[in-house]
Amino acid sequence: MTTGHLARFSLLALGAGLLAGCAVSGPGQLRVHEATLYGAGAQRIVWVYGDLGSGSSSSLKLGQDTVTLRAQVSDPLATPGSLSVDGKAAYVGRIDNAAVRLTLGQDGAGRFTVTPLAGNRVQAVYHTDGARWQKLSATSGLATGGAVSGLRGAGQLTDAEADALTRALSGQGPLAVAVLDEASAPDARIAAEPRPQEQRRTALYVLSSSQIVRTSTPAPANGGQTMNSGTVRLGEVARGTNASAESPSVIVARSAGEVRSLYAVAYGRQGGTPALPGLAPGEALVGVFIGQRSTGGYGVRATGAGVQGNTLNLRVELTAPGAGSITTQALTSPWVIVRVGGTFSSVNVTDQSGRPFPQ
């Protein structure tokens, strides 16, 4: 064999050795569980389970990405028995499919109208106001909601995976989650190499607050929750996440015309406006708008009020998405409207830390 042939053979052997060293091995008893969030979710979340044996790490190919698996980390998405993926609790990838799968309407009495679009089979629909979760009684037509423990029972999610998604999606204001039949999902399960012993996939369609159509029903005469704060009676009338306000602002309404203008801002990016509340003598509505945000997870609520001189001092609590939260990928503009009594000519708003609210 010539020297040239020997050199070529050595290079080929070296290349084969390098390729063999790069092959993914995968952990023992490999299981891959996937939640694909379409609509406002726009994410693919994959939990990986398996046994690392005596080693501290392993490798796996998910889609086009080769990832490193190690012992699980402390993270809101972590589930018992799962492995960390490149230092995170789960593999998270973006998906781009904005096609509408379902429409949802809700009236002031809490009743829903569910309309799946042609070609989409829906197994279940869940709704949350940001804190409490309901499962709807029907997947098409008129439906009512019954209290449930978040997304438990949705698709092929384990209870731990459902709890992790529930935590991640909560606190973003109203939203709905439809469980799609896998045949209705627009793409296939994520490819995994080596082949898992078990592979599950739950396809979900997430509707943000702006996609839930509000139908008009008479509003309660005295608004919603009522709190006494010194000499000022404070009641929350409405709250949402999709105002037309782009910047922080505070709006006071003392007449029917001003109430109409206030509600036009609050419901400016939603499909319907509820009946306007009336005002008793000496009452006013105050709307607090925190301005536009790039994702869900933000919110505002009133916690107390008092009058000093001619100034109404209104205290609010502002919330923001925590680390690791799964936020709806849509522009939001959170707001709250409260009813107050008393005489005042100006409004001073502070947050839970005592910082002045920009207005």
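Read-outs: derived from the displayed coordinates by stated rules, not from any lab. Predicted model, so just to flag it, every value in this text is computed and none were measured. Backbone-built Cβ (ideal geometry, glycine too); neighbour counts: all protein chains shown.
Within segment 20-115, the trypsin sites (Lys or Arg not before Pro) that combine a DSSP coil assignment with at most 16 other C-beta atoms in a 10 angstrom radius are R111.
The alpha carbon centroids of segment 232-263 and segment 178-210 are separated by 40 Å. For segment 25-214, relative contact order (Cα pairs under 8 Å, six or more residues apart, normalised by length) works out to 26 percent. Of the Cα atoms belonging to the chain, the radius of gyration and Dmax stand at 26.0, 105 Å.
Give me the extension gain from A71 to S247: residue separation times 0.36 nm, minus the current Cα-Cα distance, reported in nm with one decimal. Can you show the working numbers first?
Working: separation 176, 0.36 × 176 = 63.36 nm, distance 4.37 nm.
The A71-S247 span can extend by a further 59.0 nm.
Stokes-Einstein diffusion coefficient for segment 129-203 at 4 °C in a medium of 1.567 mPa s, Rh from the Kirkwood formula over Cα pairs: what value in µm²/s? Can you show the working numbers first?
Working: Rh = 14.1 Å.
Answer, rounded: 92 µm²/s.
Database remark: amide H of T295 closer than 5 angstrom to the amide H of T332 (H placed geometrically; neighbours at sequence offset of 5 or more, or on other chains; Pro and chain starts carry no H).
Picking from S149, S345, S140, which is most flexible by a Gaussian network model of the chain using Cα springs under 10 Å? Of the options given, S345 has the highest mean-square fluctuation. When each of I337, I251 is scored by the number of other beta-carbon atoms lying within 10 Å, the sequence from fewest to most is I251, I337.
Decide, for segment 226-359, between rounded, prolate and oblate: order the square roots of the alpha carbon gyration tensor eigenvalues as a ≥ b ≥ c, take rounded if a/c falls under 1.5, and otherwise choose prolate if a/b is larger than b/c, else oblate. Oblate shape, in that a/c is at least 1.5 and b/c is the bigger or equal ratio.
The value of relative contact order for the chain, using C-alpha pairs under 8 Å at least six residues apart, is 15 percent.
For segment 25-214, what Kirkwood radius comes out of the mean inverse Cα-Cα distance, in Å?
On the way: mean 1/r = 0.0582 Å⁻¹.
One over the average 1/r among Cα pairs gives 17.2 Å for segment 25-214.
Summary value for segment 248-301: 50 percent relative contact order, contacts being C-alpha pairs under 8 angstrom separated by 6+ residues. Most fluctuating residue of P186, P174, P277 in a GNM of the chain with Cα springs under 10 Å: which is it? Of the options given, P186 has the highest mean-square fluctuation.
A straight line joining the Cα centroids of segment 143-173 and segment 290-313 runs 29 Å. Annotation for A256 and T350: the two label points, set 7 Å from Cα along the Cα-Cβ direction, are 3.8 nm apart.
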